[in-house]
Amino acid sequence: MNETSVTPLPKATLDTCGGKAATLGRLLREGLPVPEGFVVPFSAHRAARVDPGLRAPAELEHEVAEALTLLGDPPVAVRSSATNEDGAGASAAGQYESLLAVQGVAAVVEAIRDCWTSASSARVAAYRSRTGEETSRAEPEMGVLVQRLVDADVSGVMFTPTRPDGPTRIEASPGLGLAVVGGIVSPDTYEVAADGTLRSALGHKETRLDRDENRGGVVTRPVPEHQRSAPSLDESTAARLAALGHRVAELLYGPQDIEWAIADGTTWLLQARPITAPIPEAPASGPAPDNSSLNGTPGSHGVVTGTARVVRGPSDFGRVRAGDILVCPYTDPAWTPLFTVAGGVVTETGGALSHAAIVAREYNLPAVIGVPHATTLVRDGATVTLDGTAGTLTPH
């Protein structure tokens, strides 16, 4: 085997392919429903580093072509599996590159290069510094996971119980799971209790992401009106997901943050990693006692008062000062460096299991997720109090 050989997913190990790939390989060996695929290991990233352009060696392109042929050359998901990713101490949620619905050798090789390049990004450096990683060391080594894409009818994230009598928390929305983890929709929320009882709350599912069958990649589509007010999961499906989550947690020896998808009635496991920080309890139903407060989903514990800074995109980043409360439509990974400056975060869309909320909890940064119309209801420069435990934002 040469130093750039691709690794079949069931043979992926932590020290050669990273935590994300190794965990999925373990679940696949245990017979759990994981999409088939392969891994470009750390050694290929090391070999590519000798080229200033991070171009893949010719022999790697040949092996990727062979591996894709064995899969039937389907649309694939190309995702990072770095040394400091999906660990018990830090998730690196959303910090590295992931590309969906990639097809063809040239496009897959370019996506692999994009994953490698993300290891040296500013957001990764900021995340490593904030989570206490020694940043004087070289950039993380990068394995790259290539799997058959699941054309999901519905997908989302599940947190298994963090205590013996605790509930399984599930967030779900139509289409590909990138909409849920990226916080661009406010998903339906389900809590499956230890005794099997279910509590649920409908989200605001106005858009969905799907594979673009004509041009490749993903496309944003409106969710039909009748589906927006309909639950993404029925009670029996939520119960089956919770049972599958318990099985994964048993195999991996602890509470897990799991990405999943359902296509044509089959449930697939797309990722599993340790839960790095507990989520606040889901809010009880009913009106808030303070009518002056805006209400959302508790995202990260803590109460903070500061200046509201309405941020709609990267052009607004320079206006953010230390301690400001970010008020934004949603956050994508490029926004993570702002989390090292802000005193708190408020988003208009998203759920408590989104990447933004996970990173906020790891940073001990109070956050309220999914406050409808927050960027128009909150005046830029106003003094506000954010309560990430209760899920409220109160202007003064």
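The values are calculated or read from the model by the stated rules, or taken from the named source; none is laboratory data. Only a predicted model underlies this, so the values are computations on that prediction, with no experimental measurement involved. Glycine gets a Cβ as well: all are built from the backbone with ideal geometry, and neighbour counts include every protein chain shown. All accessible areas refer to the heavy atoms of the entire protein, side chains included, with ligands and DNA or RNA removed. Shrake-Rupley method; radii C 1.70, N 1.55, O 1.52, S 1.80 Å.
Details
- Distance between the pseudo-spin-label points of ALA230 and ALA65 (7 Å out from Cα toward the beta carbon): 4.5 nm.
- Counting every C-alpha pair in segment 84-206, the share spaced more than 22 angstrom apart comes to 53%.
- Rolling a 1.4 Å probe across all protein chains gives PHE317 an accessible area of roughly 50 Å².
- Spin-label model distance (nm) - SER315 vs ASP264, 7 Å beyond Cα toward Cβ: 4.5 nm
- Cα pair distances of segment 1-130 binned at 10 Å [whole percent]: 12, 44, 36, 7, 0
- Average Cα contact separation per residue, segment 246-396, under 8 Å, 6 or more apart, as relative contact order %: 27 percent
- Across every pair of non-identical alpha carbons in segment 350-396, the mean reciprocal distance, once inverted, gives a Kirkwood radius of 11.4 Å.
- Note on segment 167-305: the alpha carbon radius of gyration divided by the globular reference 2.2 N^0.38 Å gives 1.14.
- Solvent-accessible area per residue for the chain (1.4 angstrom probe, square angstrom): 42 Å²
- Charge-dipole axis of the chain as Lys and Arg at +1 and Asp and Glu at -1 on Cβ define it, positive-most pick from ILE170, GLY265, VAL303: VAL303
- Segment ASP332-ALA88, length gained on full extension (0.36 nm per residue, minus Cα span): 85.6 nm
- Descending by average beta-carbon neighbour count within 10 Å, the peptides 233-246, 88-101 line up as 88-101, 233-246, the highest first.
- Take the Cα of ALA193, go 7 Å toward its beta carbon, and the backbone nitrogen atoms of segment 244-276 under 19 Å from that spot belong to 246.
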